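J.: Could you have a look at this structure, given as structure tokens, before my questions?
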Amino acid sequence: MGITGAAINAGAIVLGGSVGLLLKGRIKKDFSKNLMRILGLCTIIIGISGALGGYEHIIPLVIILALGTFAGELLRIDDGLNKLGMFMQSKFSRDGDSSTFARGFVEPTLLFCVGALAILGSLESGVSGDRSIIFTKSIIDGVAAMMFASYLGVGVLFSAASVLIYQGSIEFFAGFFYNVFTPPLIMMISAAGGVMVLGIGLNMVVDSKIKIANFLPGFLFAAAYYYFFLR
């Protein structure tokens, strides 16, 4: 079978993040912050593009995200992810990274996993062995990981494990998921994910402290809306 698409993507994140770690502390703090804001602005553009994919269903999208956020707040998903990040911080972090480890793990994990490319690339890789989408995503993620790591530190490297598990699962069960993830469903998921990516960008640019992880149940409500109203 050889190396999987998920492993290629995770490897690109580790490589890019490692380069970012080498740059960390070697560039001026103001420049590093501005670099992070630039990445945040690019992330906002990506988020808006993704969200606009569901413009025909904008009212349902608002309801989907509202219900998802309500469920996420009840489940305290963001707190759980941050606790996981803090636990990993206690095991793997150096003192200099202790204040940013959890953020460096959580935000890149969400950014790398919520987009349509993660689903489409994994499906194509699993079903036909075509990894053109994965290679494109890997380049984008590797560059993003480099910039994240140069500012947030070693926590970014651990987001590669999330990508490996998430995309690897889709890739492994691609034969089943290929019929489940139809284009309209991917459109709804991408629209919901676009709003989440937009929130990540705002956190990066203006430190808005939006709890993005609490939006994640919105994916389930997006799938439910598709199966009940769009099929």
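J.: In region 176-190, is there at least one residue being open to solvent by less than 10 Å² (accessible area, probe 1.4 Å) and over 18 Å from GLY53 (Cα atoms)?
T.: Filtering region 176-190 for residues open to solvent by less than 10 Å² (accessible area, probe 1.4 Å) gives 185, 188.
This time we only want the ones that are over 18 Å from GLY53 (Cα atoms), so: none.
Looking for residues that are open to solvent by less than 10 Å² (accessible area, probe 1.4 Å) and over 18 Å from GLY53 (Cα atoms), one finds none in region 176-190, hence no.
J.: State the number of residues belonging to region 32-80 that are outside any helix (DSSP H, G or I) and either surrounded by fewer than 18 Cβ atoms within 10 Å (Cβ to Cβ) or modelled with pLDDT of 90 or more (or both).
T.: 1
J.: Going by what's in this entry, would LEU117 be described as out of contact with any Gly (no Cβ under 6 Å at 6 or more places or on another chain), free of Cβ contacts under 8 Å to residues at least 60 places away in the same chain and open to solvent by less than 40 Å² (accessible area, probe 1.4 Å)?
T.: Here the answer is no, as LEU117 does not meet what is asked.
J.: Given the conditions (1) open to solvent by less than 90 Å² (accessible area, probe 1.4 Å); (2) without any contact (Cβ under 8 Å) to a residue 24 or more places away in the chain, which single one is not true for ALA12?
T.: (2)
J.: Considering every residue within region 90-97, establish whether at least one is open to solvent by less than 30 Å² (accessible area, probe 1.4 Å) and not in a loop (DSSP other than H, G, I, E, B).
T.: Looking through region 90-97, at least one residue is open to solvent by less than 30 Å² (accessible area, probe 1.4 Å) and not in a loop (DSSP other than H, G, I, E, B).
J.: What number of residues within region 210-231 satisfy the criterion of being modelled with pLDDT under 85 and either surrounded by 15 or more Cβ atoms within 10 Å (Cβ to Cβ) or on the phi > 0 side of the Ramachandran plot (or both)?
T.: 0
The values are calculated or read from the model by the stated rules, or taken from the named source; none is laboratory data. All of these numbers come straight from a predicted model, not from anything done at the bench. Cβ sites come from the backbone with ideal geometry, for glycine too, and all protein chains shown count toward neighbours. For the accessible areas, the whole protein counts, side chains as well, though only heavy atoms, and no ligand, DNA or RNA atoms are used. Shrake-Rupley method; radii C 1.70, N 1.55, O 1.52, S 1.80 Å.
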